[in-house]
Amino acid sequence: MGKIALAIHGGAGTILKSLMTPDLEREYRSGLEAALKIGWDILDKGGNALDCVEETVCSLEDFPLFNAGRGSVFTHEGKNEMDASIMDGKTLRAGAVAFVKNVRNPIRLSRLVMEKTDHVLLGGAGANQFALEMGVDMADDAYFFTEHRYEQLLRAREEGIVELDHTADEAEILSEPGAVATGQPVNGNKSIHPTKPLGTVGAVACDATGNLAAATSTGGMTNKKFGRIGDTPLIGSGTYAENATCAVSCTGYGEYFMLGVTAYDLAARMKYGNDDLATAARETIEHLTAIGGEGGLIAVDTRGNVVLPFNSEGMYRGSVSSSDFRIEIYKSEPPA
C-alpha cells in the first residue's frame, strides 16, 4: 500500500488576520476541515483519487464562503457563471465546463464530460444542455444567492472594476454582524478597497495504488463581462494530473496562470528537468511572480508528498496524510 495524501485550497489573495474575526476564521476552517475529512475517508478506505477529488471539491462547492458552486460570485448582469475541471493522472483523461448556470456541483458535470463524451471542455448553453441530459442536480438562482457576494457586486459596479475573490473588502463585508453564513444584509456604506483578489477551490490526491487526480472549481470574477473564462477549466493552466509527475490545482489571477500554463509548468519541470515536487513547485511560483501573476497552487506526487506554495498574502489551504493533518490560512503560518 502506497502513501495516500490529499491537499485542498479554497482560494488565495489578500487574506489578513487583522481583517478576520474569530467567528469568520472558524467558519473558513470548518469548511476546509469538512472537505478534508470527506476526501480522506475515501482514500483511507481504499478509494481512488478521482472519486476523492470529486467529492472533496463538491464539499467546497457546497460551502457558501468559497467562490465556487453555492458561493459563486456574480457577473455584471447579476448571474452566477461557473467553471470547473477534473483530470485523471492514470489515464490522462480530463473533463471541464465553462460558464455553466444553475448546476449545483459543476465538478460532477466535468467528470461526466470526461467519462460520457469524446470531448474535454463544454461551455455555455451546450454545457447546460448536457447537464440536463445527464440528470445532474440543478438549483434555482436563489440557491446561489449569498448576501456578501451580492454586496461585492454592488461595490464593484459602483467603482467600475472587475474583481476576483478574497479581497480586503470581502473580509470587511463578512465581518459585519450577522453576515457569516446567515444571508443577512450587511452595511453597504463602507468604502471599497480594490486589491489583488483571487479565488477558486480545488483538490489533489494520491491514492493507495499511486494514482493521482486533480479537480478545480470556481465562480470566476465579480462583475465579469463578455463571457470571460479563466484558467480553472483549462487543462494545463489551472488543473493537471499525470502519474509520471504530479497532480496540480491552481488558484489566482487566471489570466497569468493561462499565460504561464502554470499547472503543466510544474509537471514539466519534474518530467523534463528531473526536479522533485518541492523544487518544481517553488520554481513554478517564482516564474508566476516574474510574469506578474499572483496566487498559489496545491500539488501531490505519487509518493504522497504535498506542497502548497503561494505568493499572495494568504491562501485557504489544508492537507492530510497518515502522519499529518493541517489547515492554514495566513502567509505567516508554517509552510505545509
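The values are calculated or read from the model by the stated rules, or taken from the named source; none is laboratory data. As the structure is a prediction and not an experimental result, all values here were calculated from the model. All Cβ positions, glycine included, derive from the backbone under ideal geometry; neighbour counts span all protein chains shown.
Tabulated results
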{"quantity": "Test for residue 207: is it within 30 Å of residue 47 (Cα to Cα), of a type in the set (D, E, K, R) and either at pLDDT 70 or above or exposed (fewer than 15 other Cβ atoms within 10 Å of the Cβ) (or both)", "calculated": "yes"}
{"quantity": "Residue list for segment 312-336, filter: under 14 Å from residue 13 (Cα atoms), modelled with pLDDT of 90 or more and of a type outside the set (A, V, I, L, M, F, W, C)", "calculated": "312, 313, 314, 316, 317, 328, 330"}
{"quantity": "Looking only at segment 289-308, and only at residues there that are touching a helix residue (DSSP H, G or I) at 6+ places or on another chain (Cβ under 6 Å) and crowded, with 22+ Cβ neighbours inside 10 Å, the one that is nearest to residue 212 (Cα to Cα)", "calculated": "301"}
{"quantity": "Segment 282-333, residues that are closer than 21 Å to residue 3 by Cβ, outside any strand (DSSP E or B) and not hydroxyl-bearing (Ser, Thr, Tyr)", "calculated": "301, 303, 304, 305, 308, 309"}
{"quantity": "Leading residue by the ranking (nearest to the chain's Cα centre (by Cα)) among those in segment 1-39 that are in a loop (DSSP other than H, G, I, E, B) and surrounded by fewer than 24 Cβ atoms within 10 Å (Cβ to Cβ)", "calculated": "14"}
{"quantity": "Meets criteria (surrounded by fewer than 23 Cβ atoms within 10 Å (Cβ to Cβ), at pLDDT 95 or above, of a type in the set (Asp, Glu) and touching a Gly at 6+ places or on another chain (Cβ under 8 Å)) for residue 147", "calculated": "no"}
{"quantity": "Candidate set: segment 250-276, residues that are of a type in the set (Ser, Thr, Tyr) and either outside any loop (DSSP other than H, G, I, E, B) or over 18 Å from the mean Cα position of the chain (by Cα) (or both); chosen: the one farthest from residue 286 (Cα to Cα)", "calculated": "272"}
{"quantity": "Residue 173 vs. criteria surrounded by fewer than 19 Cβ atoms within 10 Å (Cβ to Cβ) and modelled with pLDDT under 95", "calculated": "no"}
{"quantity": "Sole exception among (1) of a type in the set (A, V, I, L, M, F, W, C); (2) touching a residue at least 60 places away in the same chain (Cβ under 8 Å); (3) on the phi < 0 side of the Ramachandran plot for residue 38, by number", "calculated": "(2)"}
{"quantity": "Lone qualifier among 245, 284, 232 - being modelled with pLDDT of 95 or more, within 26 Å of residue 78 (Cβ to Cβ) and surrounded by 24 or more Cβ atoms within 10 Å (Cβ to Cβ)", "calculated": "232"}
{"quantity": "Of the criteria (1) more than 14 Å from residue 107 (Cβ to Cβ); (2) touching a helix residue (DSSP H, G or I) at 6+ places or on another chain (Cβ under 7 Å), which one residue 38 fails", "calculated": "(1)"}
{"quantity": "Sole exception among (1) touching a residue at least 40 places away in the same chain (Cβ under 8 Å); (2) more than 14 Å from the chain's Cα centre (by Cα) for residue 83, by number", "calculated": "(2)"}
{"quantity": "Matching helices (runs of 4 or more DSSP H) fully within segment 40-136 where at least 1 residues are closer than 28 Å to residue 322 by Cβ", "calculated": "49-62, 106-116"}
{"quantity": "Among (1) surrounded by fewer than 18 Cβ atoms within 10 Å (Cβ to Cβ); (2) modelled with pLDDT of 95 or more; (3) closer than 14 Å to residue 144 by Cβ; (4) not aliphatic (A, V, I, L, M) - the single one residue 106 does not satisfy", "calculated": "(1)"}
{"quantity": "Residue match in segment 47-60 (condition: more than 24 Å from residue 263 (Cα to Cα), touching a residue at least 60 places away in the same chain (Cβ under 8 Å) and surrounded by fewer than 24 Cβ atoms within 10 Å (Cβ to Cβ))", "calculated": "yes"}
